[in-house]
Amino acid sequence: QVQLAESGGGSVQAGDSLRLSCVASGRTFSYYIMGWFRQAPGKERDFVAGVAASGSSIAYADSVRGRFTISRDSAKNTIFLQMNSLKPDDTAVYYCAAGTTWPSFETWGQGTQVTVSS
């Protein structure tokens, strides 16, 4: 079994920055993709960013492009989401996800709350 643990969420003001971390433990050798999703209250879960095992193949949602940066430390089975210039619309629970082949994310973390106030 693979376990994903997110951390780094919090309450900030618009324009501030946060860095989220996700550590994968267990049998992670077959997980070639990892990414971040978010879900605001009453809304569907949205894709935020994804990265392949090599770290060279990266994708972003248009809403965060240029503000958020995803990175991966494969040796430590960890991914990060650097969030800059945060907006109130970024308020959501952020989930870490992992899978074998895009776009099949098969394993999910418990989520970490990000709240951005104006």
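The values are calculated or read from the model by the stated rules, or taken from the named source; none is laboratory data. Everything numeric here is computed off the predicted structure, so don't read it as measured data. Glycine also receives a Cβ, built like all others from the backbone with ideal geometry; neighbour counts cover every protein chain displayed. For accessibility, only protein heavy atoms count, side chains too; no ligands or nucleic acids. Shrake-Rupley method; radii C 1.70, N 1.55, O 1.52, S 1.80 Å.
Conditions tested, residue by residue: (1) closer than 18 Å to GLN82 by Cβ; (2) loosely packed, with under 12 Cβ neighbours inside 10 Å; (3) at pLDDT 95 or above.
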position: ALA14; (1), (2), (3): yes, no, yes
position: ARG19; (1), (2), (3): yes, no, yes
position: GLN39; (1), (2), (3): no, no, yes
position: LYS43; (1), (2), (3): no, yes, yes
Being open to solvent by 60 Å² or more (accessible area, probe 1.4 Å) and among the aromatic types (Phe, Trp, Tyr) is the filter; apply it to the range 73-118 and report the residue that is nearest to SER11 (Cα to Cα).
TRP108
Can you run down the residue pairs with Cβ atoms below 8 Å, 6 or more apart or on separate chains, where the first is in the range 52-65 and within 14 Å of PHE80 (Cα to Cα) and the partner is hydrophobic (A, V, I, L, M, F, W, C) and assigned to a loop (DSSP other than H, G, I, E, B)?
ALA52/TRP102
